[in-house]
Amino acid sequence: MKLLIVDDEVEICDFLKSFFEERDYEVVTANSGEAALEIVKKIRPQVVLLDIKMPGMNGVRVLEEIKQKFPRIKVIMVTAIETRDKIEECLRLGADNYITKPLSLEYLENDVREKIEGLKNTLLS
C-alpha cells in the first residue's frame, strides 16, 4: 500500500508519514507540486493526500495532472481552504474526497483504507 503525502509544510508531512507508517503503509512525502508529480511517475502510489495551497504548482493543478495521466490513483484533497467553488472544482477534476484541516486522523485513516480497498476490489473484478 503506497501512499504519497504532499504538503509544503514539512511538519505535516512528517507527522502524517509517521502516523501511516505505524499502520504499515509505505509512505513517501513531497513538499511541492512539482516533486509530487515526479514521485507519482516513479512509484505510482495507490493514494495521494494532496494539499491545495502550495507555492509554485498548487494542489488543484497537481490533481489535474495526476488524473489526466494516472486516473486510477485515488487523490484526497487535504486543505484548510473550504469554499464551495474550490470543493466543486476539485471534485470536477477527479478528486476522490476533500478533507479540511484540522484533520480527524481516524476519518483520514478510514478514508485512505476505503480507497485502497476499492482499488483492490476493482482489480479483482
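Coordinate-derived values only; no laboratory data. Just so it is clear, the structure is predicted and the values come from calculations on it, not from any experiment. Virtual Cβ from ideal backbone geometry, glycine too; neighbours counted across all protein chains shown.
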Q.
Between K67 and S18, what is 0.36 nm times their sequence separation minus the Cα-Cα distance? Round to one decimal in nm.
A. 15.0 nm
Q.
Please list, in order along region 29-44, the HN-Hα scalar couplings obtained from phi with the Karplus expression 6.51 cos²θ - 1.76 cosθ + 1.60 (θ = phi - 60°), rounded to whole Hz, x for Gly and Pro.
A. 10, 9, 10, 8, x, 4, 5, 4, 5, 5, 5, 4, 4, 7, 10, 6
(Q) Test of the criteria: in region 26-56, which GluC sites (Glu not before Pro) are in a DSSP loop and have at most 14 other Cβ atoms within 10 angstrom of their Cβ? (A) none
Q: Quote to one decimal, in nm, the extra length available between E26 and K2 on full extension: 0.36 nm per residue of separation minus the C-alpha distance between them.
A: 8.2 nm
